[in-house]
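Novice: To start, I am sharing the structure in question, which I have written as structure tokens.
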Ligand SMILES: Cc1cc2nc3c(=O)[nH]c(=O)nc-3n(C[C@H](O)[C@H](O)[C@H](O)COP(=O)(O)OP(=O)(O)OC[C@H]3O[C@@H](n4cnc5c(N)ncnc54)[C@H](O)[C@@H]3O)c2cc1C
């Protein structure tokens, strides 16, 4: 066992997954520093939907890895099960050609799919009622995870494997020695480490500011709702309902989970390292608009109402792809952030790849397209200076 210490900042799904993969490799001492309780950020608020049918080669390959790992994790994590109901991606005729152009990529990379007409969708899942012109792209390997099952199960497995998870421990800056990252600074003192992996989601900008390393990232408030129980279980896949600007899936206890975009919403600037997502709120009109949008697709929603709401943040990089890997010029520092609205889906692969970077300096999958070093200073500064609404940020769903 190497005598190295690896520090992971952030106890969301990206940080926990990284810790888990390092621990599986028996890679010395592994410490997760989390400023709240584990899962305090977006991870406990996510819808947990995953599809493998993304828009780039790197994305599709990383999701293949995630989908395979999720199935293994169902066996490895007591209390967790991947809900392999498939994922149905819906398109209206205007948006379909852009997605249709990606089918050869899916064929080449072995990502399975089925193209379904609205009539076929209605026949296969009678509770769904898309209008005639809708086109469905069904991902038979997709599905969802329940954050309330997955996050505690993953944290428990990390602890069982020897990971030290220190909650209520906020990192305020980095320790550098001879130009390399040598640890972090917390309220209770310095923690030294050979490698530091920063997975703090929208707090990343504040933390990277302490190193004078801006990242072109924008965050937006995002919310999802769960209904009161229905009389019987719902038999539908996870649905990325692009024409409705949202998504729906079955949820625990015969419930339905749904969320949606608020395209008009201005970006959210994380005010400080102390900020917690419990401070976020959305107007009641947002939930009402979601009901109006989604009921024509899933009429059973008219028989129930929203029982609970969770509000969090999603984060986009300048080009819409995740940021993952080592930071040039700062040996020992690795980042994992800007996973758009798909960080839950990415986490098994992201943790695996970050662990590979730390343990061997390279990854088994080419993820240069996700490199933190791909952004030039000029466009980064320009992007950060502008205020954008969500409709003008690169939009990616799950
Ligand atoms: C409503 C909603 C629905 C979503 N639905 C989906 C979905 O269906 N599918 C999907 O794939 N993704 C979805 N997402 C996105 C997904 O939730 C995120 O991409 C993912 O959770 C990001 O994980 P993370 O670990 O990077 O961030 P987080 O879970 O936010 O974890 C970061 C952690 O870092 C901690 N932290 C921050 N600063 C410090 C510090 N200085 N010191 C110590 N700790 C610190 C925070 O407390 C936090 O716990 C959704 C998001 C929202 C809000």
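The numbers here are math on the coordinates, done by the rules we state, and not lab data. In this text the structure is predicted, and so the values were computed from the model without any measurement. Reconstructed Cβ throughout: ideal geometry from the backbone, glycine too, with neighbour counts over all protein chains shown.
Novice: Could you please rank 334, 357, placing first whichever residue has the fewest other Cβ atoms within 10 Å of its Cβ?
Specialist: On the way: 334 24, 357 19.
Placing the least packed residue first, the sequence is 357, 334.
Novice: Please give, to one decimal in nm, the separation of the simple spin-label points placed at residue 55 and residue 292, each 7 Å out from Cα toward the Cβ.
Specialist: 2.7 nm
Novice: Say R0 is 22 Å: what FRET efficiency, to the nearest 0.05, do residue 3 and residue 180 get from their beta-carbon distance?
Specialist: Numbers: r = 17 Å, r/R0 = 0.79.
Given R0 = 22 Å and the Cβ-Cβ separation, E is 0.80.
Novice: In the Gaussian network model of the chain, springs joining C-alpha atoms below 10 Å, which of 260, 378, 320 carries the largest mean-square fluctuation?
Specialist: Taking springs between Cα atoms under 10 Å, the residue moving most is 378.
Novice: Under 20 Å from a point placed 7 Å out from the Cα of residue 232 along the Cα-to-Cβ direction: which residues of the stretch 243-257 have their backbone N that close?
Specialist: 249-257
Novice: Which residue, 31, 323, 50, tops the fluctuation ranking in a GNM of the chain built on C-alpha contacts under 10 Å?
Specialist: The residue with the greatest mean-square fluctuation here is 31.
Novice: To the nearest 10 degrees, how steep is helix 147-160 against the longest Cα principal axis of the chain, on a 0 to 90 scale?
Specialist: Around 30 degrees separate the two axes.
Novice: Shifting gears a bit: Determine, for 121, 49, the number of other Cβ atoms within 10 Å of each Cβ, and report the residues in order from fewest to most.
Specialist: Working: 121 23, 49 27.
Fewest to most other Cβ atoms nearby, the residues stand as 121, 49.
Novice: Then there is this: Over the chain, what relative contact order in percent results from Cα pairs under 8 Å that are six or more residues apart?
Specialist: Here the relative contact order equals 23 percent.
Novice: Counting other beta carbons within 10 Å of each residue's own, what order do 294, 368, 204 fall into, fewest first? Intermediate values should be presented prior to the final figure.
Specialist: On the way: 294 23, 368 10, 204 26.
With the sparsest Cβ surroundings first, the list reads 368, 294, 204.
Novice: On a 0 to 90° scale, report how tilted helix 343-360 is relative to the longest principal axis of the chain, with both axes built from alpha carbons and the result rounded to the nearest 10.
Specialist: Helix 343-360 sits at roughly 30 degrees to that axis.
Novice: Can you pull the one-decimal nm distance between simple spin-label points at residue 388 and residue 68, each 7 Å off the Cα toward Cβ?
Specialist: Here the answer is 3.3 nm between the modelled labels.
Novice: Here is a follow-up. Can you give the extra length, in nm with one decimal, that the chain gains between residue 371 and residue 84 once fully stretched, where that is 0.36 nm per residue apart less the Cα-Cα distance?
Specialist: On the way: separation 287, 0.36 × 287 = 103.32 nm, distance 3.05 nm.
Contour length minus the Cα-Cα distance gives 100.3 nm.
Novice: Mind telling me which of 345, 385, 23 comes out most flexible in a GNM of the chain, alpha-carbon contacts under 10 Å?
Specialist: Of the options given, 385 has the highest mean-square fluctuation.
Novice: If you don't mind, there's one more thing I want to ask. What FRET efficiency comes out for the pair residue 192/residue 328, r = Cβ-Cβ distance, R0 = 30 Å, nearest 0.05? Walk me through the numbers on the way to the answer.
Specialist: Details: r = 23 Å, r/R0 = 0.75.
Computed FRET efficiency for residue 192 and residue 328: 0.85.
Novice: Also, I was wondering about something else. Which value in deg cm²/dmol, rounded to the nearest 500, describes the helix-derived mean residue ellipticity at 222 nm for the chain, given -39,500 (n - 2.57) per DSSP H run of n ≥ 4 and division by the residue count?
Specialist: Numbers: 10 runs with 109 residues, N = 398.
Here the helix-only value at 222 nm equals -8500 deg cm²/dmol.
Novice: Mind pulling the angle between the C-alpha long axis of helix 13-24 and the longest principal axis of the chain? Nearest 10 degrees, somewhere in 0 to 90.
Specialist: Around 60 degrees separate the two axes.
Novice: How much length is gained if the chain between residue 279 and residue 254 is pulled fully straight, taking 0.36 nm per residue apart and subtracting their Cα-Cα distance, in nm to one decimal?
Specialist: Gain in length upon complete extension: 6.1 nm.
Novice: Given a Förster radius of 41 Å and the C-beta distance between residue 381 and residue 304 as r, what FRET efficiency does 1/(1 + (r/R0)^6) yield to the nearest 0.05? Display every interim value, and only then the final one.
Specialist: Numbers: r = 48 Å, r/R0 = 1.16.
My answer for the efficiency is 0.30.
Novice: Restricting to Cα pairs below 8 Å that are 6+ residues apart, what does the relative contact order work out to for the stretch 105-187? Please round to a whole percent. List each step's numbers first, then the result.
Specialist: Numbers: 71 pairs, mean separation 15.2, N = 83.
Once divided by the residue count of the stretch 105-187, the mean separation gives 18 percent.
Novice: Here's another thing I want to ask about it. Give the shape of the stretch 98-146 as rounded, prolate or oblate, defined through the alpha-carbon gyration tensor: a ≥ b ≥ c are the square roots of its eigenvalues, a/c under 1.5 means rounded, and otherwise the shape is prolate if a/b is larger than b/c and oblate if not.
Specialist: Oblate.
Novice: Let me ask something else. Just the number, please: percent antiparallel of the DSSP beta bridges in the stretch 14-164, rounded to the nearest 5.
Specialist: 90 percent
Novice: So for the chain: antiparallel DSSP bridges make up what percent, rounded to the nearest 5? Don't skip to the end; give the middle numbers.
Specialist: Numbers: 52 of 71 bridges.
In the chain, DSSP labels about 75 percent of beta bridges as antiparallel.
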